[in-house]
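> Here it is: the structure, laid out below.
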Amino acid sequence: PEDTVTSSFASFIHGARPDHLSKTIQHRSKRMILDSIGVGLVGSTTHVFDIALQYCRLYSPVAVSSVYGKPGVKLSPTLAAFTNGVATHSMDFDDTWHPATHPSGAVLPALLAASQMLPPGTKPTGMDFLLAFNVGLEVQGRLMHFSTEAHDIPKRFHPPSVVGTMGSAAATAKLLSLSRAQCCHALGIAASLAGAPMANAATQAKPLHIGNATRLGFEAALLAARGMEANPFILDDIPGCSGFSAFYGIYHPKPLPAPSDHHEFLLEKQDIAFKRFPAHLGMHWVVDAALSVRNLFVHYAGSFSPALIRTIVLKIPVSKYINRPFPSSEHQARHSFQFNACAALLDGEIGLASFTESSIHRQELRELLDKVVVEHPEDNVANFDKMYGEVALLLHSGDVLTGKCDTFYGHWRKPLSKESLLKKFRSNASHVLPEEKIETIITTVDNLENLSDSSQL
């Protein structure tokens, strides 16, 4: 059908061309690709990744696509996408957008696997790859903007399991050069494969949300390419019949304008947030606030002395699944305002080692957690564009020291510098790759638009 929201998305996916990507879009998306690869590489060292890989190796007779951090290991394309998606989110270290979702991890693994899947002579170029990646981002962002509910930290569905699946389907459909009708059906099929509850946040199951998003969107595109059809109104708001609106109670879809030389991608309007340490994005506000007040405390007392602290007051937004007073596992710790604030106070930094079992269960950390009191100011909303973190130390002397952060370093309003992004990538990749391969990846991504065969990535 013409003149529907769904048909406009299909037309956009089918009609987007490399020359529609501005220099800004190319620059920002290459930063996302490099960061996501690095996060996937360090994620390949985790226990949850090992479980996913062992499972996938049972069902992979056609092994053509590479796996993060495992030289010589290949899986079938969709299982490689799944495994690499799990790696990307295994530490909650991947990029985040607004409205809230993890866009790269849901798209990049599918494109990497699909590039290796295609036979010689039909390999997409690096510019084709960049275009497909940005099509996948744009679809995710547009769908999120249709819901006012989606603008706040989620309560029901984990966003990348919903919009990420759609983005993966769109990106893969573009890379595989599907027809306009097939692009439409790929979106419809993907909608039937989407959705995961927030109840699995802070568990080993949460990384599966990204793995499934990238894999199932990929599969939706493959099914559409082979003739499977779905509801051609899947993105439209049809009274009495839920389509994509099933995921969002407040849903007002709008057509996606046809791509043109003047089309402004959402990534051009708003940059992405890159995480400096592996934890839920909300933790980055409270950690920067904690580090700020720690510096004040050291200047005040000469050193960090927990015995001088009577109470630690955290002023944070209301968000139940990241309000965890006493986390008992690494995944819970990554989703705990209290843990991240106290670990930052105690150690003066947060990093990979902060979430080990020995770090989580330290007695001195538990003693700090016992002193935490949480407040929810009305002006501190659960929204990644508006929230803030505040940490106040009430001392036995009666003095009060306060640190506050409304924009952490790495947020789209305060982007990581090139040097900081490269430092993060090199550190992550060094867990599984030698230096020469790390530098080759950096150079390849930096020149991706000139690559004749994107499967080289």
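> Counting only protein heavy atoms and using a 1.4 Å probe, what share of the accessible area of the range 56-110 belongs to carbon plus sulfur, as a whole percent? Mind showing how you got there, number by number?
Numbers: 840 of 1440 Å².
That fraction is 58 percent.
> Please determine, in degrees from 0 to 90 and to the nearest 10, the orientation of helix 103-117 with respect to the longest principal axis defined by the Cα atoms of the chain, where the helix direction is its Cα long axis.
40
> Excluding ligands and nucleic acids, what accessible area in Å² is computed for Glu357 using a 1.4 Å probe, to the nearest 10?
Rounded to the nearest 10, the figure is 100 Å².
> Per residue, how much accessible surface does the chain expose to a 1.4 Å probe? Answer in Å², no decimals. Intermediate results must be reported in sequence, preceding the final value.
Details: 17630 Å² over 457 residues.
I get 39 Å² per residue for the chain.
> Still on this structure, I have one more. Keeping all protein chains in position, work out how much accessible area Glu268 exposes to a 1.4 Å probe, and write it in Å² to the nearest 10.
Only protein atoms counted, so the area is about 60 Å².
> Which of the three applies to the range 69-218, rounded, prolate or oblate, going by the alpha-carbon gyration tensor with a ≥ b ≥ c and a/c under 1.5 meaning rounded? Before the final figure, lay out the partial values.
On the way: a/c = 1.93, a/b = 1.28, b/c = 1.51.
Judged from the Cα gyration tensor, the range 69-218 comes out oblate (a/c at least 1.5, b/c at or above a/b).
> Another one. Given R₀ = 45 Å, what would the calculated FRET efficiency be for Thr148 paired with Glu436, taking r from the Cβ atoms and rounding to 0.05? Intermediate values should be presented prior to the final figure.
On the way: r = 49 Å, r/R0 = 1.09.
Using R0 = 45 Å, I get an efficiency of 0.40.
> Just the number, please: carbon plus sulfur as a percent of the accessible area of the range 278-324, 1.4 Å probe, no ligands or DNA/RNA counted.
On the way: 980 of 1790 Å².
Roughly 55 percent of what the probe reaches on the range 278-324 is carbon or sulfur.
> Something else about it: Give me the lysines in straight-line cross-link reach of Lys269: C-alpha distance below 22 Å, same-chain residues under 8 apart excluded.
Correct list for Lys269: Lys23, Lys30, Lys254, Lys386, Lys414, Lys418.
> Same structure again: Just reorder Lys414, Lys155 by solvent-accessible area, largest first, 1.4 Å probe, all chains present. Walk me through the numbers before you get to the answer.
Numbers: Lys414 90, Lys155 180 Å².
Ranked from most to least accessible, the order is Lys155, Lys414.
> Between Glu349 and His47, what's the calculated FRET efficiency when r is the beta-carbon distance and R0 is 30 Å? Round to 0.05. Could you put the intermediate results ahead of the total?
On the way: r = 24 Å, r/R0 = 0.79.
Efficiency at R0 = 30 Å is approximately 0.80.
> So, one more: So what is the 222 nm mean residue ellipticity for the chain from helices alone, if each DSSP H run of at least 4 adds -39500 (n - 2.57) and you divide by all residues, rounding to the nearest 500 deg cm²/dmol? Please report the intermediate quantities before stating the final value.
Details: 17 runs with 213 residues, N = 457.
That calculation yields -14500 deg cm²/dmol at 222 nm.
> Can you give the angle from 0 to 90° between the axis of helix 47-56 and the longest principal axis of the chain, with both taken from C-alpha atoms, to the nearest 10?
Once rounded, the angle reads 20 degrees.
> Separate question: If contacts are Cα pairs under 8 angstrom and at least 6 residues apart, what is the relative contact order of the range 281-405 in percent? Let's see the in-between values first.
On the way: 221 pairs, mean separation 52.7, N = 125.
Answer for the range 281-405 is 42 percent.
> Still on this structure, I have one more. Taking the Cβ of Met91 as the centre, find all other residues whose Cβ is under 12 Å away and add up their charges (Lys, Arg: +1; Asp, Glu: -1).
Working: positive: Lys206, Lys275, Arg334; negative: Asp92, Asp94, Glu330.
Charge balance in the 12 Å sphere: 0.
> Now for a different question. What relative contact order, as a whole-number percentage, does the chain give when Cα pairs under 8 Å and 6 or more residues apart are counted? Present the calculation step by step, with values, prior to reporting the outcome.
Working: 937 pairs, mean separation 94.8, N = 457.
Once divided by the residue count of the chain, the mean separation gives 21 percent.
> Something else about it: Using only the alpha-carbon atoms, how far is helix 435-446 inclined from the longest principal axis of the chain? Give it as 0 to 90 degrees, nearest 10.
Relative to the chain, helix 435-446 is tipped by roughly 60 degrees.
> Antiparallel DSSP bridges in the chain: what percent, to the nearest 5?
Working: 18 of 22 bridges.
In the chain, approximately 80 percent of DSSP beta bridges are antiparallel ones.
The values are calculated or read from the model by the stated rules, or taken from the named source; none is laboratory data. As the structure is a computational prediction, the values presented were derived from the model and not from experiment. Please note: Cβ atoms are built from the backbone with ideal geometry, for glycine as well, and neighbour counts cover all protein chains shown. Ligands, DNA and RNA are excluded from the accessible area calculation, which covers all protein heavy atoms including side chains. Shrake-Rupley method; radii C 1.70, N 1.55, O 1.52, S 1.80 Å.
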